[in-house]
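To start, the structure itself, in structure tokens.
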Amino acid sequence: MPIYFYESDIGKIGISENAGRITNLYFSSDVIPQNMEIYETPVLKEAGHQLKLYLEGRLIKFTVPLNPVGTAFMKQMWSLLCEIPYGTTFSYKDLAIKIGKPNAARAVGLANSRNPIPIFIPCHRVIGTDGSLTGYRGGIELKRKLLELEKGKKYGYI
């Protein structure tokens with residue numbers, strides 16, 4: 001599978017695809033699978049461009065095709081994450097209620113934590129019921145910065 005790395009205001013980001021659909025996003029702290037081939041495809045170039053625009057505050061919805069690998073429940077949750085509007089947040093409990101399983105907040109959290117395409121699938125928009133910023137693969141500080149970016153706040157990072 002091809003992967004290509006992009007320098008961004010949040011560090012080096014790796015994006016991979018399979019058959020013209022984005023499958024993974026890797027932060028600089030992530031382990032990259034050994035079987036990847038480093039080259040830029042048209043869909044990776046477009047994903048890198050859209051990510052750049054998003055981080056500049058000039059894009060609110062990604063349009064590159066996605067194909068995250070996971071269980072049926074995970075895919076259901078990731079699809080639901082893509083419905084959370086830019087600049088807003090939902091709690092894990094809100095999402096559990098939305099799927100008709102009000103006691104499934106932990107399962108929602110687990111699916112959220114296994115999101116292979118963060119930012120494109122906006123798991124950073126999910127917070128604790130009390131409004132706290134909970135775990136994020138890219139780190140809590142990055143989660144805070146992405147949420148602030150979406151709310152139009154300025155900070156020195158991006």
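Scanning region 2-26 for residues that are at pLDDT 95 or above and part of a loop (DSSP other than H, G, I, E, B) yields Ala19, Gly20. Only one of these conditions is not met by Arg58: (1) surrounded by fewer than 18 Cβ atoms within 10 Å (Cβ to Cβ); (2) free of Cβ contacts under 8 Å to residues at least 12 places away in the same chain; (3) over 23 Å from Leu142 (Cα atoms). Which number is it? Result: Arg58 fails condition (3) only. Whether a residue is surrounded by fewer than 13 Cβ atoms within 10 Å (Cβ to Cβ), among the polar types (S, T, N, Q) and closer than 23 Å to Leu142 by Cα was assessed, and Thr63 passes this test. Please work out which residue is nearest to Thr23 (Cα to Cα), limiting yourself to region 42-94 and to residues that are of a type in the set (A, V, I, L, M, F, W, C) and part of a loop (DSSP other than H, G, I, E, B). So, considering only residues that are of a type in the set (A, V, I, L, M, F, W, C) and part of a loop (DSSP other than H, G, I, E, B), the one nearest to Thr23 (Cα to Cα) is Val69. Does Leu53 satisfy the condition of being touching a residue at least 40 places away in the same chain (Cβ under 8 Å) and under 23 Å from Glu148 (Cα atoms)? Taking the combined requirement at face value, the residue does not satisfy it.
The listed residues are Gly135, Gly109, and the only one of them that is surrounded by fewer than 16 Cβ atoms within 10 Å (Cβ to Cβ), of a type in the set (Gly, Ala, Ser) and either out of contact with any His (no Cβ under 8 Å at 6 or more places or on another chain) or under 21 Å from Gly11 (Cα atoms) (or both) turns out to be Gly135.
If the condition is being of a type in the set (A, V, I, L, M), assigned to a loop (DSSP other than H, G, I, E, B) and either in the same structural domain as Thr23 (by TED's automatic domain parsing) or in contact (Cβ under 8 Å) with a residue 40 or more places away in the chain (or both), then region 95-141 contributes Ile117, Ile119.
The values are calculated or read from the model by the stated rules, or taken from the named source; none is laboratory data. Please read these numbers as outputs of a predicted model, since none were measured by experiment. Using ideal geometry, Cβ is built from the backbone for each residue, glycine included, and neighbour counts are taken over all protein chains shown.
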